[in-house]
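We did not get these values from a lab; they are worked out from the coordinates using the rules stated. Remember, predicted model here, so these are calculated numbers, not experimental data. When we count neighbours, we look across all protein chains shown, and the Cβ atoms used for this are built from the backbone with ideal geometry, even at glycine.
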Amino acid sequence: MNFLKGKIILNRNELSGAFGDIGTDLPLLIAMLSVTDLHASSILIIFGSMQILTSFLYGLPMPVQPLKAVAMIVITQKISSAIIFGGGLAIGIVMLILTITGIITYLNKIIPKTIIRGIQFGLGLQLCLLSLKDYIPADKFAGYVVAFVAFGIGIVLIGNKKYPPAIFILLLGFLYSGIFNSSIFQSINFNLPQFTLPKITFDNILTGFLILALPQIPLSLGNSIFATNQLVKDYFPEKQISVRKIGLTYSIMNILSGLVGGIPTCHGSGGIAGHYSFGGRTGGSTLIYGTFYILIGLFFSMNPSNIFQIFPKPILGIILLFEGIALILLLKDIIIDKRSFFIAIFVGLIANGLPYGYLTGMVLGTILFYIPHNYILKYFGKH
């Protein structure tokens, strides 16, 4: 089916691509819901609705993701819902100011493609390590076996339009769950959302800004804005999507989510890479993905952790691994330029290894990029 002059296509490839980012999003959402007083059904339905909104706004596989730095702080520190909503508002307001003043557009002009490739490499490496260390080993020997089979399916079918890989990987996961957990469908229970306007004070917004927004904004600039814009150019060169538009939708999503009781969200280059790798080419993949979250919000939100019984961690880990590899492979267009390649590797390693790593890597990498090559040779030649 084809809607809006090809912006929304619904077919098996879009269905496969729809789940290319599930390995990142679903575990973060479930972990946040497990340690906070957030209302699961409302959060999942709002999250799904944001996916559907972006599918129509962009007509591309432009998924919405939980903000990673925010999610990790919420999970580890068990932040209250009022501060989460306040932090989302703070992030949205700051990014809106950066967008409408033109600061984001200016930064995008001076930060070279080499640095963006480094950020994408860093994120890809992070996703691969997370997959291999935390997800695939979750079920021990049985998990390793099903993960190996799933990886084989992905390798054989990647790029196959007739038999898109994610569908078969997820079917394998359902089969695996049915064998090892025959009670998976006992967790189905219809649950209506509670859409109430959260009571947010200025103190909640200020605390959310200090605790959640400050660590998140550098990562958002690097990955959610600049790297996402670059990846759209890589995958869809015929599309003209500006960083200003990405910044505006990012800002508006977070302001709206904060006001209606949703979690802070973003666009992300990893999400686009995941959807694209598994077959997504239009907004159809994000439309399907959003509908999926609305359904689990309605039927599985009484105990969100039960969702792992249907989507086992080793299967999510393989999807996450392919998403990470897709980001790392983007280095291929700068690999012939040794200087650019090494700077990109440096940025990615810094992003993974240091506090505020994405900001630090972006700043140091940009400085290195603009230092004249002859000056470096002359300096070290004297010493």
Notebook entry, point to check: Where the only charges are on Cβ atoms (+1 Lys, Arg; -1 Asp, Glu), what is the dipole of the chain about its Cα centre, to the nearest 20 debye?
Noted result: 960
Next item on the list: With the Cα gyration tensor of the range 2-332 in hand, give its eigenvalues times 5 under a square root as the equivalent ellipsoid semi-axes, listed largest first in whole angstrom.
Entry: 28, 25, 18
Margin query: Need one word for the range 53-102: rounded, prolate or oblate. Basis is the Cα gyration tensor (sqrt eigenvalues a ≥ b ≥ c); a/c below 1.5 gives rounded, then a/b vs b/c decides.
Written below: oblate
Checklist line | Kirkwood Rh and Cα Rg combined as Rg over Rh, evaluated for the range 24-87 | finding: 1.00
Note to self: Explain nothing, just compute: Karplus ³J(HN,Hα) = 6.51 cos²θ - 1.76 cosθ + 1.60, θ = phi - 60°, for every residue of the range 218-228 in order, whole Hz, x for Gly and Pro.
What the structure shows: x, 5, 5, 4, x, 8, 6, 9, 5, 5, 5
Next item on the list: Would you kindly calculate the translational diffusion coefficient of the range 201-254, applying Stokes-Einstein with the Kirkwood radius from alpha carbon pairs, for 20 °C and a viscosity of 1.002 mPa s, and quote it in µm² s⁻¹ without decimals?
Entry: 171
Item checked: Max mean-square fluctuation residue, GNM over the chain, Cα-Cα springs under 10 Å, options Leu316, Leu89, Leu107 -> Leu107
Next item on the list: Hey, can you grab everything whose amide H is under 5 Å from the amide H of Cys266? Only 5+ residues off in sequence or another chain; H modelled, so Pro and N-termini drop out.
Entry: Gln65, Leu67
Item checked: Under 18 Å from the Cα of Lys68 - aspartates and glutamates, other chains or at least 8 residues apart -> Asp21, Asp25, Asp134, Glu323
Notebook entry, point to check: Measuring from centroid to centroid over Cα atoms, what is the spacing of the range 262-299 and the range 326-347 in Å?
Noted result: 28
Check: Which pairs, out of Lys245/Lys313; Lys239/Lys332; Lys109/Lys239; Lys233/Lys338; Lys109/Lys338, put more than 28 Å between their alpha-carbon atoms?
Finding: Lys245/Lys313
Next item on the list: Net charge near Leu316: determine it from the other residues with C-beta under 12 Å of the C-beta of Leu316, scoring Lys and Arg +1 and Asp and Glu -1.
Entry: -4
Notebook entry, point to check: Counting each DSSP H run of 4 or more residues in the chain as -39500 (n - 2.57), what helix-only mean residue ellipticity at 222 nm follows after dividing by all residues, to the nearest 500 deg cm²/dmol?
Noted result: -21000 deg cm²/dmol
Margin query: For a quick check: sort Met362, Met72 by the number of other beta carbons within 10 angstrom, fewest at the front.
Written below: Met72, Met362
